[in-house]
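Structure first, commentary second.
The values are calculated or read from the model by the stated rules, or taken from the named source; none is laboratory data. Bear in mind that the values here come from a model prediction, so they are computed numbers and not experimental data. Cβ: placed from backbone, ideal geometry, glycine included. Neighbour counts: every protein chain shown. Surface areas here come from the heavy atoms of the whole protein model, side chains and all, with no ligands, DNA or RNA. Shrake-Rupley method; radii C 1.70, N 1.55, O 1.52, S 1.80 Å.
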Amino acid sequence: MDQRSVSLRDIWKAKKRIAPYIQQSPLIYSERLSEIANCAIYLKLENLHASGSFKIRGATNKILLLTEEERKLGVTTFSTGNFGVSVAMIAKQLGIRATVCISERVPQTKVAALRRSGAKLEIYGQSQDDAAERCEQLQKSKGLTILHPFDDPEVIAGQGTIGLEIIEELPEVDTIFGGLSGGGLHSGIGVAMKTIDPSINIIGLSPTSSAAMYESIKAGKPLLVEEQDTYADSLLGGIGLNNKFTFPLVQKYVDDIILLEEEDITAGMHFMLIHHRMAIEGAAACGIGAIINKKVKLGTHNVIMITGNRVGSEVLFDIMQAHHSW
Ligand SMILES: *Cc1c(COP(=O)(O)O)cnc(C)c1O
């Protein structure tokens, strides 16, 4: 592993650094889910950030660590959306110019949010890897600093702050799970929780249709997988063939990765609307769907990370029509 990895101390430092910009998210007990699962289920509501997702934590930690010179030249990122929105928001607040590169597959709701964010938008290619290539061109031609959406120790440390909030509020937590894509979230949570108590179970959930980390872990090295449409669009994208940090950290700290079908994901979204009156995106609904459809082995005190809310109204409409009872 690269010399620069992530420690629990880095995560505590990140927590202090980002505190003036980021509110602690609520942790709520879900009565109905706990009833269904026959154990205690809590929801960590990362969907309530002004940015719409937890990605604001890592983006803020990273940007606050840039040098004066780097801030002056500006930043760029590639992202399936939520990291881009977060970078745009915090950059604007700090007076830093941001250019967000996205592929043509990023859904309209996220494109609209990015347009409103004040960042310069570059739409390029068919995949996250194409968007990443555009970032590299901008780094070479304009000196912009590339902010990697997950494979970066400072981004990972920022996402890990969720783990500190969880254990402060619920010290008895024994199982944590949520949507897994590039692995920044699970790497941060993994370092935080396993350093505190190695017996805490960390589980990743990915759609069968886009399971780059799952396939890579199985193969023992980063692999490319083809992207297919999924309701969990924030989980699209590869882990990068040159992955430095999140692959070894997920390998080390994530106990299990479970694959979900589209019906699991939409069931989770529907449940959240009906029982908690909150609209969340597919990537954020994986944990709930996995419980409802009994895809995941639970502990006694479980926390699901509800990671984001950027879902289009047409998707919500489809979901309301497709499911009827809980
Ligand atoms: C990015 C994202 C994830 C997954 O995070 P990774 O660090 O890429 O694994 C999950 N849910 C939402 C809503 C996201 O935006």
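Can you tell me which residue within the range 303-318, out of those that are touching a residue at least 12 places away in the same chain (Cβ under 8 Å), outside any loop (DSSP other than H, G, I, E, B) and of a type in the set (A, V, I, L, M, F, W, C), is surrounded by the fewest Cβ atoms within 10 Å (Cβ to Cβ)?
Across the range 303-318, the extreme among qualifying residues is L316.
Return the residue satisfying two criteria in turn: it lies in the range 257-281 and is open to solvent by 20 Å² or more (accessible area, probe 1.4 Å) and touching a Lys or Arg at 6+ places or on another chain (Cβ under 8 Å), and of such residues it is nearest to the ligand (Cβ to nearest atom). Step through it out loud before you land on a result.
Kept after step one, since they are open to solvent by 20 Å² or more (accessible area, probe 1.4 Å), are these residues of the range 257-281: 257-259, 261-263, 273-279.
Then drop every residue that is not touching a Lys or Arg at 6+ places or on another chain (Cβ under 8 Å), which leaves 258, 275.
Working: I258: 14, H275: 19 Å.
For the range 257-281, the residue satisfying everything is I258.
In the range 174-191, how many residues are within 26 Å of I265 (Cβ to Cβ) and more than 10 Å from the ligand (Cβ to nearest atom)? So that I can check it myself, show each step before the final result.
In the first step, residues of the range 174-191 are kept if they are within 26 Å of I265 (Cβ to Cβ); the result is 174-190.
Next, only the ones that are more than 10 Å from the ligand (Cβ to nearest atom) stay: 174-177, 190.
Summing the residues that are within 26 Å of I265 (Cβ to Cβ) and more than 10 Å from the ligand (Cβ to nearest atom) in the range 174-191 gives 5.
From the list E104, E70, which one is surrounded by fewer than 17 Cβ atoms within 10 Å (Cβ to Cβ), part of a helix (DSSP H, G or I) and out of contact with any Leu (no Cβ under 6 Å at 6 or more places or on another chain)?
On the way: E104 fails: part of a helix (DSSP H, G or I).
Residue meeting the stated conditions: E70.
Being open to solvent by 10 Å² or more (accessible area, probe 1.4 Å) and touching a residue at least 24 places away in the same chain (Cβ under 8 Å): is that true of A98 here?
Considered against the rule, which asks whether it is open to solvent by 10 Å² or more (accessible area, probe 1.4 Å) and touching a residue at least 24 places away in the same chain (Cβ under 8 Å), A98 comes out as yes.
Matching residues to (1) charged (D, E, K, R); (2) under 21 Å from R4 (Cα atoms); (3) modelled with pLDDT of 95 or more; (4) more than 17 Å from the chain's Cα centre (by Cα):
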site: Q159; (1), (2), (3), (4): no, yes, yes, no
site: I166; (1), (2), (3), (4): no, no, yes, no
site: I176; (1), (2), (3), (4): no, no, yes, no
site: G179; (1), (2), (3), (4): no, no, yes, no
site: G183; (1), (2), (3), (4): no, yes, yes, no
site: G190; (1), (2), (3), (4): no, yes, yes, no
site: T195; (1), (2), (3), (4): no, yes, yes, yes
site: S199; (1), (2), (3), (4): no, no, yes, yes
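Picking from A37, A59, A91, which residue would you name as being among the aliphatic types (A, V, I, L, M), out of contact with any Ser or Thr (no Cβ under 7 Å at 6 or more places or on another chain) and within 21 Å of G178 (Cα to Cα)?
Values: A59 fails: out of contact with any Ser or Thr (no Cβ under 7 Å at 6 or more places or on another chain); A91 fails: within 21 Å of G178 (Cα to Cα).
Residue meeting the stated conditions: A37.
Please note which helices (runs of 4 or more DSSP H) are completely contained in the range 144-248 and include at least 2 residues that are touching a residue at least 60 places away in the same chain (Cβ under 8 Å).
Numbers: elements: 153-169, 184-196, 212-219.
In the range 144-248, the matching helices (runs of 4 or more DSSP H) lie at 153-169, 184-196.
For the range 218-245, name all the residues that are within 21 Å of V296 (Cβ to Cβ) and open to solvent by less than 50 Å² (accessible area, probe 1.4 Å). Talk me through it step by step, then tell me what you get.
Taking the range 218-245 as the starting set, the residues that turn out to be within 21 Å of V296 (Cβ to Cβ) are 218, 230-232, 234-235.
Hits for the range 218-245 are T230, A232, S234, L235.
Which residue, of Q139, Q126, is assigned to a helix (DSSP H, G or I) and either at pLDDT 85 or above or of a type in the set (S, T, Y) (or both)? Give the steps one after another, and end with the answer.
Working: Q126 fails: assigned to a helix (DSSP H, G or I).
Within the list Q139, Q126, the selection yields Q139.
Can you tell me which residue in the range 35-55 is most open to solvent (accessible area, probe 1.4 Å), limited to those that are assigned to a loop (DSSP other than H, G, I, E, B) and more than 16 Å from the ligand (Cβ to nearest atom)?
Restricting attention to the range 35-55, the residues satisfying the condition of being assigned to a loop (DSSP other than H, G, I, E, B) are 38-39, 49-52, 54.
Those still in the list that are more than 16 Å from the ligand (Cβ to nearest atom) too: 38-39.
Numbers: N38: 138, C39: 25 Å².
Result: N38.
Among S209, S141, S199, which is the only one that is touching a Ser or Thr at 6+ places or on another chain (Cβ under 9 Å) and of a type in the set (S, T, Y)?
Going through S209, S141, S199 in turn, just one is touching a Ser or Thr at 6+ places or on another chain (Cβ under 9 Å) and of a type in the set (S, T, Y): S209.
Go through the range 135-191 and count every residue that is of a type in the set (K, R) and touching a Phe, Trp or Tyr at 6+ places or on another chain (Cβ under 8 Å).
Initial filter on the range 135-191 (of a type in the set (K, R)): 140, 142.
Within this subset, residues satisfying the condition of being touching a Phe, Trp or Tyr at 6+ places or on another chain (Cβ under 8 Å) are none.
Selection size over the range 135-191: 0.
Select from the range 1-33 the residues that are part of a helix (DSSP H, G or I) and surrounded by 16 or more Cβ atoms within 10 Å (Cβ to Cβ) and list them in ascending order. Give the steps one after another, and end with the answer.
Within the range 1-33, the first condition is being part of a helix (DSSP H, G or I), and the residues that meet it are 8-18, 31-33.
Answer for the range 1-33, where residues must be part of a helix (DSSP H, G or I) and surrounded by 16 or more Cβ atoms within 10 Å (Cβ to Cβ): L8, D10, I11, K13, A14, K15, R17, I18, L33.
Out of Q159, Q128, Q139, I need the residue that is outside the structural domain of S25 (by TED's automatic domain parsing) and within 13 Å of the ligand (Cβ to nearest atom). Which one?
Details: Q159 fails: outside the structural domain of S25 (by TED's automatic domain parsing); Q139 fails: within 13 Å of the ligand (Cβ to nearest atom).
Q128 is the lone residue from the list that is outside the structural domain of S25 (by TED's automatic domain parsing) and within 13 Å of the ligand (Cβ to nearest atom).
Just to verify a result, which residue in the range 282-302, among those that are under 8 Å from D264 (Cα atoms) and not hydrophobic (A, V, I, L, M, F, W, C), is surrounded by the fewest Cβ atoms within 10 Å (Cβ to Cβ)?
In this case the residue turns out to be N293.
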